[in-house]
Amino acid sequence: MMRPFFVTYQEAVDWLFQQIPNFQKSGGTAYKPGLERISNFCAYLGNPQDKIQCIHIAGTNGKGSVAHSMSAALQMNELTVGIFTSPHISDFTERIKINGEFITQDAVLSFLNEHHAYIEKAQLSFFEVTTALAFHYFDAAQVDIAIIETGMGGRLDSTNIITPLVSVITHIGLDHQQFLGDTLPLIAAEKAGIIKSGVPVVIGKKQIETTAVFESQAAKMNAPLTYALQQQFKSDLMAHYQQENLSTAYAALQCIKKQFNLEDELIKKGFESIAELTNFRGRFQKINNQPLVIMDAAHNEDGVKALTQEMEQFGDKKITVLYGASNDKAVEKILQLIPKEISINFCEFNSERSMRINQFEEYSQDLSHQINTFSSPTTALENIMKSEAEIVFIFGSFFLMDEVIRFFKSY
């Protein structure tokens, strides 16, 4: 019997990260827009994306929360639900889940062993390989429905070869401007690329700058468009900003309610157990009690603005933040959103994309906050946990979150 190309899962995933450009590791140099390569690869795989029923989600902030909220509601209605999201926090398998269970390491290993030659020859991007793997895995598992989140943008995103049952576009903000455009209408135009002919589209929130873009594209594609009605739901997702995401998820589920015989009561019940049902992490997640430590994936202006609004609920308690940023983020603007009475702890993290201390010091030199800088999340947290802080907010990068989780596992 011929020896497999990869013997272990770790060997296969290391190859995927090291040999193939990926945005999480390398940033913009890994960005390969276009649908031809992914279309050809999926055709070679037997077009698994055409054999599964899908929901497609694009947007700047809230995609992951909407995806997991919908999954929890569908699972509560006794459906088998696949979720494809990115990036991951600790391990590659987190990107592909069925009813909260990560893809098995054996499934990843088997897929890469079988198709590595094609992947290398076609010079596929990391995200193209991952997207095709998700389609293949969901098809093989015969899921009832798969929730597919775009990686970046929408129009040229690898996921945009599906024809979904409903398209969902969450809140639009400024992020990845070097690829998607530097205004909200330009970014919205890229996200609007997921709107398909005749397929209902749900917009999470009406924004003045993006309304004309979405309505024009929906009319052009003859796609029924609705705006999510902003409601209040009971949920285990603690942050107030999640109500917009829950409202978006609820509105999208109404579009497929009859097709899947969804019960409203079960949808709402699912919203109450999102983390438990779907293994959702990293969004306003409490990871320590004394002091209270909350970790959040906020990494752009809109996300951090929402997070600082959450800080207001804690009144006059002593708050400190731990922040680590990728080197392509609008750090100067983000730092200005943090209230002046809150001390800022900045740290580098273990990635070539990490912003370095000297870069951060340039951005922060005009701030009046108390500022501390650290060479790693571990040294930062060791200092913070000895301080008088009553509440610690940690945000900025998924790489930072991974190192923080490991710290508190042994704390």
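In terms of surrounding Cβ atoms within a 10 Å radius of their Cβ, L109, L165 rank from fewest to most as L165, L109. Remark on I394: its backbone amide H falls under 5 Å from those of I294, M295, D296, L322, a criterion applied only to residues 5 or more positions apart or on other chains, H modelled at 1.01 Å from N.
Each residue, E332 and D366, gets one label point 7 Å from its Cα in the Cβ direction; the gap between the two is 0.7 nm. Counting Lys and Arg as +1 and Asp and Glu as -1 over every other residue whose Cβ lies under 11 Å from the Cβ of N279, the net charge comes to -1.
Please give the contour-minus-distance gain from K386 to S410: 0.36 nm per residue of separation, less the Cα-Cα distance, rounded to one decimal in nm.
Stretched fully, the K386-S410 segment lengthens by 7.1 nm.
With no solvent and one point per C-alpha, what does the Debye sum give as log10 I(q)/I(0) for the chain at q = 0.08, 0.10, 0.12 Å⁻¹? Log10 of I(q)/I(0), two decimals: -0.42, -0.68, -0.99. Shown for D157, D328: other C-beta atoms within 10 Å of each C-beta, ranked fewest to most, produce the order D328, D157. Dipole orientation for the chain: of the candidates M238, I203, N372, I203 has the Cα lying most toward the positive pole (charges on Cβ; Lys, Arg +1; Asp, Glu -1). Phi-derived couplings, Karplus 6.51 cos²θ - 1.76 cosθ + 1.60 at θ = phi - 60°, listed residue by residue for the stretch 301-318: 4, 5, x, 6, 4, 5, 5, 5, 5, 5, 4, 4, 5, 9, x, 9, 5, 6 Hz, with x used for Gly and Pro.
The charge dipole of the chain, taken about the Cα centre with unit charges on the Cβ atoms of Lys, Arg (+1) and Asp, Glu (-1), comes to about 560 debye, rounded to the nearest 20. Can you classify the stretch 267-411 as rounded, prolate or oblate using the Cα gyration tensor, where a ≥ b ≥ c are the square roots of its eigenvalues, rounded means a/c under 1.5, and otherwise it's prolate if a/b beats b/c and oblate if not? It comes out rounded by the Cα gyration axes. Remark: the stretch 262-267, residue by residue, has Karplus-estimated 3J(HN,Hα) of 6, 9, 4, 4, 6, 4 Hz, where x stands for each Gly or Pro and the curve is 6.51 cos²θ - 1.76 cosθ + 1.60 at θ = phi - 60°. Between S39 and Q290, the contour length at 0.36 nm per residue exceeds the Cα-Cα span by 85.3 nm. Close amide H pairs (under 5 Å, H built 1.01 Å from N) link S273 with D236, residues at least 5 positions away or on another chain. Spin-label model, T226 to N350: label points 7 Å out along the Cα-to-beta-carbon direction sit 4.7 nm apart. Entry note, the chain: the mean residue ellipticity at 222 nm calculated from DSSP H runs of n ≥ 4, each adding -39500 (n - 2.57), is -11500 deg cm²/dmol after division by the residues and rounding to the nearest 500.
Using Cα-Cα distances under 8 Å and only pairs 6 or more residues apart, what relative contact order does the chain have, in percent?
Relative contact order for the chain comes out at 16 percent.
Scanning residues 5 or more positions from N288 or on other chains, those with amide H under 5 Å from its amide H are V293, with H placed 1.01 Å from N in the peptide plane. What the phi angles of the stretch 350-366 give under the Karplus curve with 6.51, -1.76 and 1.60, with θ = phi - 60°, is a coupling list of 7, 7, 5, 8, 5, 5, 8, 4, 5, 5, 4, 4, 5, 6, 9, 5, 9 Hz, glycine and proline written as x. Put in order of Cβ neighbour count within 10 Å, fewest first, the listed residues H299, H240 become H240, H299.
Values quoted throughout were computed directly from the atomic coordinates according to the rules given, and no laboratory measurement underlies them. Since we're looking at a predicted model, the values are computed, not measured. All Cβ positions, even for glycine, are placed from backbone atoms using ideal geometry, and neighbour counts span all protein chains on display.
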